[in-house]
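Every number here is computed from the coordinates shown, using simple stated rules; none is lab data. What you see is a predicted model; the values in this text were computed from it and never measured. So basically every Cβ, Gly included, is an ideal-geometry build from the backbone, and we count neighbours across all protein chains shown.
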Amino acid sequence: MNVPADRKYAESHEWARARPDGTVDVGISDHAQAALGDLVFIELPVVGRKLAAGEASAIVESVKAASDVYAPVAGDVVAVNDDVTSAPEKVNEDAYEAWLFRLKPADPDALSKLLDAAAYEKSIR
Amino acid sequence: MPKQTPLNAAHRAAGARMVDFGGWDMPVNYGSQIDEHHAVRKDAGMFDVSHMRAVDLAGPGVRDFLRYALANNVDKLKEPGKALYSCLLRQDGGVLDDLIVYFLREDAFRIVVNAGTTDKDIAWFRALLADHAPQVHLTARDDLAMIAVQGPNARAKSWQALPGTEAATANLRPFFGADVAAKQGGVFIARTGYTGEDGFEIMVPATRAEATWHALSAAGVRPCGLGARDTLRLEAGMNLYGQDMDESVSPLASGLAWTVDLASPRDFVGKDALRVHPPTQALLGLVLLEPGGVLRAHQKVNTAHGDGEVTSGTFSPTLGKSIALARLPVGIAAGDIVKVAVRDKQLSVRVVKPPFVRHGKVLVE
């Protein structure tokens, strides 16, 4: 299973990666995209929205089913990736490249509470 | 522990994602269900449908029995090999199952029923037989596997994969089946399917299922899972039992009036109930007209004539849009624009008459 070690994970299958400027990119794991199957619709939060940790913040729909994406940490949405709304299959092609939205975390240390790659990999085994 | 078809190991070896479907461990896809869908529309794909059950009925009077047991009229079956789609109804007109019945000989018919309803159907037939035709013998053919090969190149690739079958099936018309037992050790090939494309449904002894599957694969037939099977059948405007109709609804409210013969003097199970209760709803197609999500079963449809409900919804790979079957109030017609509740939004959809796609061509606006 493809679980890169350069980022942290939530048990609900999101990944979060800190950027040099302190903002955090959020996407879904390779395990999640494989379980959902071919994605055909993605709805992202509006820029400026304040998200609580664990709050349903985006929707990804595959041919099979719709699924919520939860904010792995609390923060303000500072950007969204319009490339994935126009081409949802990009998430299937590379789930770790295709980020969904970018947060300015409320707590700069919040990522430390998430799972590391080894712990996430164990949780999906 | 879900049941396994004779092809279970082959699916797993091919990297299939497996799911529990009606108590069976079945492949949902082997990677991309959209790619599998396109393979069937443009070339040839195959589905393991061994979870569906062939049931043989044999004995004197079997046609009279089926004339009473089925909502469609087996008197339409005049030539051996001819197949007929029919509902199996309860006395109150509810749909117990939908099935295909093949006329093999005057004293032998074969029925193919859905996986999830097999035990219920067999019990129903046995009880009806005991009352109406105790001389007719029922055999559930657990010894057979079934592979559906579908797509514009399905027949040619099947002939390439299964030597000796071409002569017996080259002249087979749509909705006919033929026993090619003499040459192939017990193979029944029917020109039927559930995709809206040409092709075959091939029944072989379970012991030969894997060899047949691999031969088809070697001939370039792409393995396809239940995911693609669902988008293909929905584009083809074909109902899925348990989703688009069940025991609680009439076939007349399920887009199946064409299969129910109310005009003839023939009596059949459920006929009286259907005559007394004309439908207040009809099953029609929907095409999503704006972005905002995907149509899914159980979403509410708002119309000028009252509420309806989506019974099956998906993303159509051929149209590149979301489509659905929906049960709508009588009075709503093809061409109307209505609204579907998708999460917190009311999205506009156009009502259409299914099918959406046949033989690779889009038939709706």
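Quickly estimate the mean residue ellipticity at 222 nm for chain B, helices only: each DSSP H run with n ≥ 4 gives -39500 (n - 2.57), and the total goes over all residues, rounded to 500.
Value at 222 nm, helices only, nearest 500: -6000 deg cm²/dmol.
Need one word for the range A:77-125: rounded, prolate or oblate. Basis is the Cα gyration tensor (sqrt eigenvalues a ≥ b ≥ c); a/c below 1.5 gives rounded, then a/b vs b/c decides.
Taking the square roots of the gyration eigenvalues as a ≥ b ≥ c, the range A:77-125 is oblate.
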B:Ser250, B:Ser312, A:Ser123 arranged by Cβ crowding within 10 Å, fewest neighbours leading: A:Ser123, B:Ser312, B:Ser250
Relative contact order of chain A, defined on C-alpha pairs under 8 angstrom at six or more residues apart (%): 32 percent
Cα-based reach from A:Lys113 at 28 Å (exclusive), listing lysines while leaving out same-chain residues under 8 positions away: A:Lys8, A:Lys50, A:Lys104, A:Lys122
Protection proxy ranking, peptides B:191-198, B:14-21, average beta carbon neighbours within 10 Å, highest first: B:191-198, B:14-21
Where only C-alpha atoms are counted, convex hull volume of chain B per residue in Å³: 136 Å³
Reach of B:Lys271 by Cα under 20 Å, taken over aspartates and glutamates that are not fewer than 8 positions away in the same chain: B:Asp64, B:Asp75, B:Asp92, B:Asp97, B:Asp98, B:Asp121, B:Asp131, B:Asp246, B:Glu247, B:Asp261
Net charge, B:Gly45 excluded, C-beta distance under 14 Å - Lys, Arg +1, Asp, Glu -1: -2
Percent antiparallel among DSSP beta bridges (both partners in the protein assembly as shown, rounded to 5): 95 percent
Chain A: C-alpha gyration tensor shape, a/c 1.5 cut-off, then a/b vs b/c: oblate
Per-residue mean of C-beta atoms belonging to partner chains within 10 Å, peptide A:58-69: 4
By average C-beta atoms within 10 angstrom, highest first, the peptides A:21-30, B:263-272: A:21-30, B:263-272
The protein assembly as shown: Cα Rg divided by the 2.2 N^0.38 Å rule of thumb: 1.09
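With the contact rule set at Cα under 8 Å and sequence spacing of 6 or more, what percent relative contact order holds for the range B:280-365? Don't skip to the end; give the middle numbers.
On the way: 207 pairs, mean separation 29.3, N = 86.
Relative CO of the range B:280-365 lands at 34 percent.
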Cα-based equivalent ellipsoid, the range B:270-315: semi-axes from gyration tensor eigenvalues, Å: 28, 12, 8
Gyration tensor verdict on the range B:280-365 (Cα atoms; rounded if a/c is under 1.5, prolate if a/b is larger than b/c, oblate otherwise): oblate
Local net charge near B:Glu235, Cβ-Cβ under 9 Å (Lys/Arg +1, Asp/Glu -1): +3
